[in-house]
Each structure stands twice: as structure tokens, then as C-alpha cells.
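Please read the structure below before turning to the comments.
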Amino acid sequence: MEMALTPVAKVTILGIPFSLFAVLIPLIGISSFCYIMARRLIPLAKAQPDPRFDRPKQRLKYVLKFWLGQYKQPRYLVAGVIHIVIFAGFLILSIRSISLVIIGFKPDFVFPGLGGFLGDIYNFLKDYAATFVLIACIVAGIRRGIFTPERYKVPPKYGKDHTFEALFVLGLIAVLMIFESLYSASIVAAQKQQGLHAEFLPPLTLGWAFAKMLGGTSKGLLQFINTTSYFIHDSVFFFFLCFLPFGKHFHVITSIFNVFFAKLDRGTVKPVKYGVSEEELDDLPYFGVKYLEDFTWKNILDFYTCVDCGRCADVCPANAAGRPLIPRFLTIKAREYIFDRFPVLGEIKPKEPLIGTIYEEDEIWSCTTCGACEEECPVLNEYINKIVDLRRGMVDEGLVPQTLQKALNALAKRGNPYGKMEKKRADWTKSLEDIKVKVVGKKAQAETLYFVDSATSYDERANEIARSVVKILHACGEDFGILGKAEKDSGHEVRRFGEEMLFLTLRDQNIDAILNSGCKRIVTADPHAYNALKKDYPGIPPVEHISEYILRKINEGKLKLRPIEDPNLVFTYHDPCYLGRHNLIYDAPRKVLDSIPGLKRVEMERHKDRSFCCGGGGLMLFYEPPEEEQRMGQIRVKMANEAGANVIIVCCPFCLTHLEDGVKTTGFEGKIQVMDLTELIVKQLIE
Amino acid sequence: MSREIFAYIEHHDGVLDDSALELINAAKKIDESANVVALVFGSGDNLNKACEEAAKTYNTVWKIDKPDLSYPNAELIRPMLVNILPKGSVCLVPHDTFGIDLAPGLSVKMDVPYIPDVVGIDKVEGDKIIAIRQEYSGQVHTHVETDMANGIVITIRPGSFEPDESKSASGEIVDKSADAGDVEAKRKFIEIKEAEAGEVDITQADILVSVGRGIGEQENIELAEELAEALGGVVSCSRPVVDAKWLDHSRQVGTSGKTVKPKVYIAVGISGAFQHVAGIKGNPFIVAINTNPKAPIFQVADVGVVEDCIEFLPVLTEKVKEMK
Amino acid sequence: MEILVCVKRVPDPAENEIEIKSDGSDIERDDLVYSVNEWDNYAVEEAIQIKDKVGGSVTVVTVGDEESDEVLRREMAMGADKGIHINDEALEETDGLGVAKALKAVVEKGNYDLILTGAQADDGAAQVGGMLAALLDLPYASLVNYIEIVDENTLKIGREIEGGNQEINEIKLPCVLSIQTGINEPRYVGIRGIRKVAGVEIPEMELSDLGLSEDEVAPRVKRLDYFIPEMGEGAEILEGDMEEIAEKLVELLKAKGGIK
């Protein structure tokens, strides 16, 4: 067949066949890449075990949804669309890139399967792909370089700005698109000039435009352009490949794995060490993460995969409140640390404690474990397990803030963080005039156990929730009881604040008490208790949250509700973190509210899985960060006001406390009220 | 036989501490007929002034003038006291940071019993004395008994006895410097470092005027400050006030703030939530000022005022200044 | 530096409501939780920090019943190297001087450069440290909130005095110091740490081991009873116009609150 231009494979320069370069470049490129990857694997090999090969079908679904489907990207629309274009483009062009490499020394190479008609379709697609990728790169470059969105900025204490790397890579991608297109365009231009059959370049694609521009160019120049374009594309391609593992573009390689190995169970916390049972815990030299190697290999993979997009930081309530925590930099600092300690070239440096070097104590204590970061991360990075492990390490060292020590000591001595006496745990029942609440145990049993937990039991304002729950259960004719003084704190935050042994003690005491009660099911109004009972407590009867119970009973006709009389009330529902994100209970409370006639409801901008944490539950009530500009509760109340609401409905004693405090200190006293769902139901209940 | 009761007089810059006028009443409670001798240690002009003041209340004043004592060093004063106090002395010292430093060791060196931090004297029968103390940060009172035949050292909690303001004595000042002797101590005073202005430690305050949300606005906190000043106390607060950034967190009383043990706690516009009240220890005299008569604070307060604090505070401050 | 810290097991002030038995003989102890006296804990943390700086060892000692063992273990979990438990029935009713004498015997069995106690404990007496120093004839400073090592014979210390001021002194070693809260931030001791020292040997000593007779530790100052002085139930709401209320209030503040 006659070729319009000499194929790259057949070109010689000063007697040296170009195909030699076409082989050498990939050879050097691939072997360098393999070496770099091997070096990058070392920290994973040294890290702790993490079982991630279970439930392969679900994992594959995740890959299809989050990796291939780019499911989370559109949550930030502009960046999301740009990325989807570049990602799709990369996928499509990957075949072309491979073909190009091989064409360099095997000029007749055709990618298997893409010989005939399929090949034409592919070529059609790839040309548009390259064009859109280039446009996306330009848009992204302008957006990044000139209009820099907030979340990309780097506060000075975290080092230099990252813009250069971002623009550099966009530049590299643009180069690849341009020169691949030039390579094709130069051939087509030559073919047209020589009257040969010209390969089809779809209109308005990059290649098509170049071909038009090269219409009058001499054959010699076209040949030069062709060979040089190939050479540039080949080198840049392999340079890019080797560049990926050095920065945030590592995700190009690792993201598919990161998504496959993602955390499947919401709201859970990893054990102290996988493979070590509870009985064997005493034998461990220490708990938690003190050094890099104490992280699991999946954590290290997370650090590699982080795309530096700042979405986690953008939604983090601790960051919004001005606490010293920015999730993005937890990851970026770790990655930079790994690259420094385990360089591709050079010696591995000795380990040092992470707290005090790359992390500060209060940075780690500031987290409320709300999960907004994990919900937002497009590559499914995890944060909560890392924070819990770092806290375990600090607890092991005794590095616990004094305010938390008080609460922990109280939990150890009295089974509740307030330090109040066990026998007063059920004092809230005393003011219930008509209803006698059964205290279950060995001597008295009940079908349903109402697990109250510490906050609702001991906080005077939250006592109202307990009394409301009792009235609701009573109205539904439920045979229920409480554990009374045998109930200990669920330990939900105790575990998430790193005091694992204390958590296990509390948990085991509660499990005993629960089993002794003979109950068949458990109901609770505290989302933290709900999450603990569901995820952290093995071998107990099924747990339901009061909102689900109420909805059920409304649907069964057991609860009849009066309409809202005041036409000026505008309600909004605040999703508690541990009901919403961690347990996917978004709809039940909303359906309950919507079943009340005349109830006007609006949604805050940040609702459902984007809900903004009220300030945290359990031990977080006792923690005082060294810096904070605003309380999270204050920020949330302002959000409710912006949505036009004057009643905030919550379904959690901690949200109730934080948001009421927020109302008091933002000048909305008397203008906005906060109510627990249970209180509203009781108010509107038709006896 | 009259007992000899000695009262350790504390003074600063020539002015007697309030405790100086209280000790004489404590002494009288122990023994009406006793001759109470004021012990005044110090040096130079300030010492002379203090002795003259003491002589207006005490019939006998023992002056011990030593250059090393321009600042009271318990390690020097203790051996001197051992030198000058006769056998069988009853020695009263205020239970403050100096008394705590001096008295326990003094009782050992004098080989006499020691009753610390006494808030009252129940009775004296012969050589037996029954005093009243508190334990568990003032949550309970106790009667304690001992035999003072050979003497005793007692520290008296400041404010638990009325001061004798009569100034009706014209006491004799006796110079006991020579008898005190020349002593050396292995502890040397260097200097005083003053607390940073604005850094108030509410945990050490005896009188707290504590504001809650009911104070309304940041500007109104000034009303509380005026009252605190008039009372000789300090302003503290509950959490919402800190959240609103009206006061620094170091002023917060409560489970996530400080634990305070004042003698008087005036809760202004505070609802009395458990988290706040839990920070108040030691069973102080609690006054609650709140427009809501149902506020939980009235359960823990001793005395309540159901008025708008913004209006009531200035009235109260005036009265305090008037009646002080 | 060889440091001895004297610790006491007391009812935890944060987590208890102190109530008196109906016969006034004692407080209700059934529902009480106990822990190490807060001041003593600060002292142990300070001792450990000094040891971390200059080497040596930290020994904790307590005078108490079998249960007192647990506070020694907790402080050892925190970082103290050794524990000594003085447990003798004759010491159960002793007074501050008796405790000081027992501690003196322990000090004389060792070779300590620095002896620390907490500034006060549950009975608020603040006496054992001062008595111990006098018995041992060692220099003493109370309410210490700052310690700096000048040289192997001298410490620079700060005492917390009225008004939040600090009195700076120099004191010679060996000496006895009573430690005020806030001198440092004590590290957390978790359940895990406590479990680790659960099996460690702690020698127990009786009076005979200390060379003391029962007579020597018989209490000279005896507590007769516990009682609550009379005070009204719940808040007495003051009536009248603001002037009247203010006047009544100031009277009450002077009478009941000690305001002058």
C-alpha cells in the first residue's frame, strides 16, 4: 500500500532507524515506571493488614458506579463536568495511545478488534475525545490559574501553592492531545495532497482543524511534523506515566483500585488491628497509629489517591468553624511525608511519631466524625478510621486534652461522661405523671427496650426527648422498658475518640443488661446510640430509630396527628450525621413530618447527605478546641434562617443542644425554635 | 490561769490584712479572758506601721524586725516562732497561702496538735477544744477535738470570724527581735511575679458574679463587672456567653469550663443547666437573679431574685457600695 | 533525681454527691467512686516530667487500706517506676501527723532528692507535706506551681499566692514540696495502661516494717462527727421592690457569704 508519508517506524535519522527510539522510549519509560511503582509499593508492604477482598460483586458495582460512572463528580458541577470529559477522554484515548506506541516500531499494528467497522467508530470517537479533552484542559487551566476556587487554595502553614503542578499537568495533557492530532493531521494532509485515500477526520475536531491548516504545507515539512509529533507524543506520554506517581495525578493509576477496595460499611470503625481478636489486644505493644507504618495499606493507598480537590475540606464542619483541621491536608501532609521518607531515589528515612511532626494533637481531636468528607470524596477516600487510629495512638501516649480526660474518667467511674450517679440515670421518669416506666432486667421483662443513653438521661433539656419517646411508645400500646441504672453509656464516642478498652468495657456491660432484659427489639432516639448498637454491638436484638418507629406507627394508624395551627411556622429538618450519612435514614423523618397536615417544610441547601454537622455528639460536647471562629451550631442555625425556616426539627439530643445554643448566641432567640421530632409528635398527638 | 494566745498578723506595705482583725475574735471564742498577743514579723518602716495598727486592736504586740523578712518567708519565721513562743502557747494563723506554708511544720516543731482551716469554735472545756472544720470542698462540716494542754497551732479560715473593728486598744509594742534569734533557711525568697493583667483565674476567686445568656448583650456584662468590683470578686460566665465570644473561655464555669469553689456565687441570667452548675463546688452561698422563676438555678440557689438583671444589677451594686 | 511522691485515694470530687449518714458518724460511702487525689496526680506528672528531663526514678507511696493499691497502680501506669503501700489497721483512724510519721519512715529507708505531696486532699487540711518536712528537717514550700532545676542542689520554684500572683523562691535539695493543681497538664491514663500494671508487685509495709509503734500514730486530733449546718431548702425568693430586695440581699451576702 502506498503511504503518504514515511511511517515513523521506517524513518531513519543519520542512519539510525527511528524505530530504535520507538522501542527505547517505551522500554525506558515502562521500566522506569515499574521501578517507581515498586518503590511506591514499599510503604504498602510495610503497612498493617486490611481485609478488602470480601464481597467482590459489591466492589465491582462500586467501580462501575464511582470510578467508571464518576458518580460523585457532578456534586461540584463545573469541576465535575470538566473532569468527566477528561476522564472519558482518557479512557477512550488509552487504546489509541497504546496503538501509537506500537506503531512506532510495528507500522502495520492495528489494535485487536479494531480492524474494520469498529475501528472506524473508534477513530470517530477518539478524535472528538481528544478535542473535548483539549477544550476541557483549557477551561480548567483558566479556571484554575485565573479564577482559583477557594477550595484549591493552600493556607501558608501547609506549604507552597499547588497551582503550578495542576497547570503543568493540564499542559502535558494538552500537549498529548495536540501532538496526537498533529500526527494524524499531518498524514491526512499528505494523503489529500497526494490524492490518496484520506483517513476520515470528523468535522470540528482538533485533527480536522490541523489537517485544514496543514493543507498547503510541503511534504517535507509534513514528514517532519509527523515524525516529530510522534516523538513528542511518545516521550511526553511516558514522561507523564512516570510523573503520575509523584503527585496528585497518581490517582490516574490508583483510583480504580482505591474504589474497588473502598469501605463498604458506613458508620463502622476498624478494629484496633485486623487479625487481632479482642482477647489478644492486651498483647499488642501499643494501640493506634503513632508511626506511618501503623496505618493500613489501604490508608496508604488513600494518601496516594487523593486528588487534592479540596471537596472534603469544603464540606468539613470543623474547617468551616475555624478549627485547626482541614481534612485535605491530613492527606496531603501524609503523602508528602511518605514521598519524603520513602523516596524513589535514595535511602528510606527512619520513622518518627506523626503527632508532633506532621500532625498536631488538636488537629486530630477537632473531628466530629460526621462523615461529610468521606461522602464527598470522588475517589472514596476514608478519613474516620484514620482519625480514630491516630486518637488511639494519642490515648496510648496519654496525650488527651484535660476536658476530655474529665469526661473519660467520669465514664470509667460512673458509666456516663457527666459524672452523675448511676442511680439517677432514670430520674427523668419521675415527672411523667400518668405513665410508669418499667425498668427491665432479670426481674422484669419487656418486648421492646428503649435504650436512652447518657445525654438523654442526664441532660435536663434532653430529658424531654426521653419523656416524649415514652409518651409515644405508650400511645402505641408498646410493651416497653428501660434499663435504668444498669444502662451504661453506649460508648459510641468513647470508641471513636480512641479509648478502645473503655469502650469494650461499656459495651460488654450493656450487652449483658440488654440480653437480661429479654427484649426482642430495641428502639432509641439517640442516633449515636443507634449507630453503636447497630454496628458496634454484636449479638443483640435488632435496633430501630424512633423516627422509623414513628413512621411505621403512623402508617399503621396507631398515631394520629393534629394539623399545625400556626400558619407562620416554616419547618426544616436537620439531618443528624449518625442518622443520615452513617445510616442512610433520610426519608423516614421527612415522611413523618409530611404526614402532619398543614406542616410547611423547606429544605436547607445542605441537606441529606450534605447535611452540616451540628457540633458533634458524645465526648465532643466536652472538647474545647484551642481555636474556633464560630460554633458549628451557629453556622447551621444561620443556614436554617437562610432557607426561610423558623422551626428546626432535629432527631438527636446533641443536635438539639448544639442548635439551641446556636439560636441563643446568634440573635435568633424568639425567632427560631428548635424541637426534637419526638417533641413535635407528642405536641400534635391526638390522644 | 489565763491562756496565752498568739495571733499571727499578716500585713502588706504596712497595712494589716483583713484576717488580722478576725483572729482576735477567734482567740476570744477560745478563751474570753486570754491575753492575745499579736505576732508581727517584718522589717523597717512597713513593720513599724503594721505594729502600730495592730496595737489598736491587740493589747500586746510582739515586733520581730529582721532585714531578711521584708517579704515573709515561712522557712525563716517558723524557727523564730519556735524560739519565742512559750510552752503551752495557742498559736492562731490565718489559713491562707502563708498559713498553709507555715503552720503544719510549726506544729511539729512545737510538738503540739494542729487543727487546720477552722471555720468555727464549738466549745472549749478545760484543755479540750472542739473546733468546726469542713471537708469535701465544703460539702460537709465536721467537729474535731483535741487536747491543747501543751499548746496548739490552729489556722483560721479568713472570713469565718467577725473582724474586731473597734480599734479600742492601745497595746504595748514589745521588740522580740533578739529573742527570735538569727536563723538560716534553705529557702530564699527571690521575687513576686504578678498575674498578667486580664488573666483572671476564676478558680481561685472567693466571690463570683457569673453571667449567662440572660445578660442579653455584651455591653451589659459591664453591669456585672461593676457589681463584682464592689464585692471584691470576679466575673465568670456560663457557656453561651463564651460561645457568643463575649467573654474568654477562661471565664467559663462548667463541665467544659472551669470548676470553681467560691464562697459566694451570684448567678445572673443563668438558667442553671447541669453542665454549668456542675462546675460550682464547695457549697457556696448562691444567689440567683433571673426573670424566669422556674429556672433550674433556683433549685440550687440559696436566695433568689426574680427581676430583670439589667435593671436589678445597678441597684444592687449601689447598695453594696452603700452598705459595705 | 530520685523522687518520692505521696498519693492518697479519695472519693472523687467530680463524680460524687457527698451525703452524711443519719448518725453523723461518717459520709455515705456505698455509692462513692474513688480515685487518686487530684493534687497528688499533678505531683506525679511533675515528677515524671522531671525524670524524663534529668533521669532517675519516681516512687509513689500511699498510706491506706487494701483498696488504696489501685491509685498506686494508676500512677505507675502513668509512668511512676515503683510503688510502696503502707497498710496497717492502726493507721486507719490516724491523723495528719500519724500519716506524716509513717511517710517519714519510708523516706528514711530510701535516698530521695525530692519529696512531693499534693497541696491538699479530701479533708482540705493541707498539712501532711509541711509536717513531713518538719519531721525530716528538710526545707519546705507549699502550693508550688512551677519547678525549675538550677543545679543538682538547688531548685527554683514558684508558689501560687493570693491574687493569682506567683512567689519565686530558691530552695535547696533535698526538700519537700506540696504541689498545686495547674502546674502541668497530667497525661491521660487509659484502661489499657492500668491493665498493663495490674500484675506488678507492690510491697506492703506495716508499722513494724516502719519501726513505729501504735502509740506513735495514735491520733491526737480526732474527728467527732459529720454534720450539715442549717440552711434553708431551695432558694428563698426575696420580696419587695428592687431597693428593698437589694438591701436584704446585701445583708445576706454579709451574713452568709462572708462579704465584708
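The values are calculated or read from the model by the stated rules, or taken from the named source; none is laboratory data. As the structure is a computational prediction, the values presented were derived from the model and not from experiment. Note that each Cβ is placed from the backbone with ideal geometry, even for glycine, and that neighbours are counted across all protein chains shown.
State yes or no: is A:Glu397 surrounded by fewer than 24 Cβ atoms within 10 Å (Cβ to Cβ) and under 22 Å from A:Val494 (Cβ atoms)? Considered against the rule, which asks whether it is surrounded by fewer than 24 Cβ atoms within 10 Å (Cβ to Cβ) and under 22 Å from A:Val494 (Cβ atoms), A:Glu397 comes out as yes. Taking the conditions (1) in the same structural domain as B:Pro314 (by TED's automatic domain parsing); (2) more than 23 Å from B:Gly279 (Cα to Cα); (3) modelled with pLDDT of 90 or more in turn, B:Gly212 satisfies each one other than (2). Of the residues making up region C:162-217, those that are within 14 Å of chain A (Cβ to nearest Cβ) and of a type in the set (A, V, I, L, M, F, W, C) are C:Ile183, C:Val189, C:Ile191, C:Ile194, C:Val197, C:Ala198.
Before we move on, is A:Phe250 in contact with a helix residue (DSSP H, G or I) (Cβ under 7 Å, 6 or more places away or on another chain), under 27 Å from A:Arg55 (Cβ atoms) and not acidic (Asp, Glu)? Against the criterion (in contact with a helix residue (DSSP H, G or I) (Cβ under 7 Å, 6 or more places away or on another chain), under 27 Å from A:Arg55 (Cβ atoms) and not acidic (Asp, Glu)), A:Phe250 qualifies.
Considering region B:237-255, the residues that are more than 15 Å from B:Cys309 (Cβ to Cβ), away from chain C (no Cβ under 13 Å) and in contact (Cβ under 8 Å) with a residue 12 or more places away in the chain include one that is farthest from the chain's Cα centre (by Cα), namely B:Ala244. Name the single residue, out of those in region B:272-294 being modelled with pLDDT under 90 and closer than 19 Å to C:Met242 by Cβ, that is surrounded by the fewest Cβ atoms within 10 Å (Cβ to Cβ). Taking the candidates together, the pick is B:Pro293.
Quick grid of which residues meet (1) outside any helix (DSSP H, G or I); (2) more than 14 Å from every other protein chain (Cβ to nearest Cβ); (3) buried (at least 24 other Cβ atoms within 10 Å of the Cβ):
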{"position": "A:Thr368", "(1), (2), (3)": "yes, yes, yes"}
{"position": "A:Glu375", "(1), (2), (3)": "no, yes, no"}
{"position": "A:Ile387", "(1), (2), (3)": "no, yes, yes"}
{"position": "A:Leu390", "(1), (2), (3)": "no, yes, yes"}
{"position": "A:Gly393", "(1), (2), (3)": "no, no, no"}
{"position": "A:Gln405", "(1), (2), (3)": "no, no, no"}
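Identify all residues within region A:337-348 that are in contact with a Phe, Trp or Tyr (Cβ under 9 Å, 6 or more places away or on another chain) and either assigned to a helix (DSSP H, G or I) or crowded, with 19+ Cβ neighbours inside 10 Å (or both); write none if there are none. Reasoning before the result, please.
Step one: of region A:337-348, the residues in contact with a Phe, Trp or Tyr (Cβ under 9 Å, 6 or more places away or on another chain) are A:337-339, A:344, A:348.
Once the filter is applied, which keeps residues that are in contact with a Phe, Trp or Tyr (Cβ under 9 Å, 6 or more places away or on another chain) and either assigned to a helix (DSSP H, G or I) or crowded, with 19+ Cβ neighbours inside 10 Å (or both), region A:337-348 yields A:Tyr337, A:Ile338, A:Phe339.
Within region A:526-546, residues that are in contact (Cβ under 8 Å) with a residue 60 or more places away in the chain and surrounded by 24 or more Cβ atoms within 10 Å (Cβ to Cβ) have Cβ atoms under 6 Å from residues that are among the polar types (S, T, N, Q) and assigned to a loop (DSSP other than H, G, I, E, B) in these pairs: A:Ala529/A:Ser490, counting only partners at least 6 apart in sequence or on another chain.
Once region C:130-157 is narrowed to residues that are at the interface with chain B (Cβ under 7 Å from one of its Cβ atoms) and in contact with a strand residue (DSSP E or B) (Cβ under 7 Å, 6 or more places away or on another chain), the residue that is modelled with the lowest pLDDT is C:Leu143. Report, by residue number, each residue of region A:442-488 that is acidic (Asp, Glu) and touching a Pro at 6+ places or on another chain (Cβ under 7 Å). Scanning region A:442-488 gives A:Asp459, A:Glu460. Reported count of residues in region C:234-260, each being outside any loop (DSSP other than H, G, I, E, B) and more than 7 Å from every other protein chain (Cβ to nearest Cβ), is 5. Taking the criterion of being surrounded by fewer than 13 Cβ atoms within 10 Å (Cβ to Cβ) and either under 22 Å from A:Leu380 (Cβ atoms) or of a type in the set (A, V, I, L, M) (or both), the residues of region A:25-54 that qualify are A:Leu27, A:Ala38, A:Ala45, A:Pro49, A:Pro51, A:Phe53, A:Asp54. Region B:1-91 holds helices (runs of 4 or more DSSP H) entirely within its bounds, and those carrying 2 or more residues that are under 28 Å from C:Gly258 (Cα atoms) map to B:18-30, B:44-55.
The residues in region A:155-198 that are assigned to a loop (DSSP other than H, G, I, E, B) and either touching a His at 6+ places or on another chain (Cβ under 6 Å) or crowded, with 18+ Cβ neighbours inside 10 Å (or both) can be counted, and the count is 1. Name the residue, out of B:Ser107, B:Ser19, that is crowded, with 23+ Cβ neighbours inside 10 Å and under 20 Å from B:Lys186 (Cα atoms). None of the other options fit; the residue is B:Ser107. Restricting the first member to region C:128-146 and to residues that are more than 22 Å from B:Lys193 (Cα to Cα) and touching a residue at least 60 places away in the same chain (Cβ under 8 Å), and the second to residues that are of a type in the set (Gly, Ala, Ser) and in a helix (DSSP H, G or I), the beta-carbon pairs closer than 8 Å and six or more apart or on different chains are C:Val128/C:Gly96; C:Val128/C:Ala100; C:Leu132/C:Ala100. Name the single residue that is nearest to C:Val36 (Cα to Cα) among those in region C:75-97 being of a type in the set (D, E, K, R) and out of contact with any strand residue (DSSP E or B) (no Cβ under 6 Å at 6 or more places or on another chain). Within region C:75-97, the match that is nearest to C:Val36 (Cα to Cα) is C:Glu92.
The set of residues in region A:55-106 being of a type in the set (S, T, N, Q) and either touching a Phe, Trp or Tyr at 6+ places or on another chain (Cβ under 7 Å) or surrounded by 17 or more Cβ atoms within 10 Å (Cβ to Cβ) (or both) consists of A:Gln70, A:Gln73, A:Ser97, A:Ser99.
Any residue that is free of Cβ contacts under 8 Å to residues at least 60 places away in the same chain and of a type in the set (Phe, Trp, Tyr) - is there at least one of those in region A:264-276? Checking region A:264-276: not a single residue is free of Cβ contacts under 8 Å to residues at least 60 places away in the same chain and of a type in the set (Phe, Trp, Tyr). For the residues B:Ile152, B:Ile173, the requirement of being at pLDDT 95 or above, surrounded by fewer than 18 Cβ atoms within 10 Å (Cβ to Cβ), of a type outside the set (Gly, Ala, Ser) and assigned by TED's automatic domain parsing to the domain that holds B:Asn59 singles out B:Ile173.
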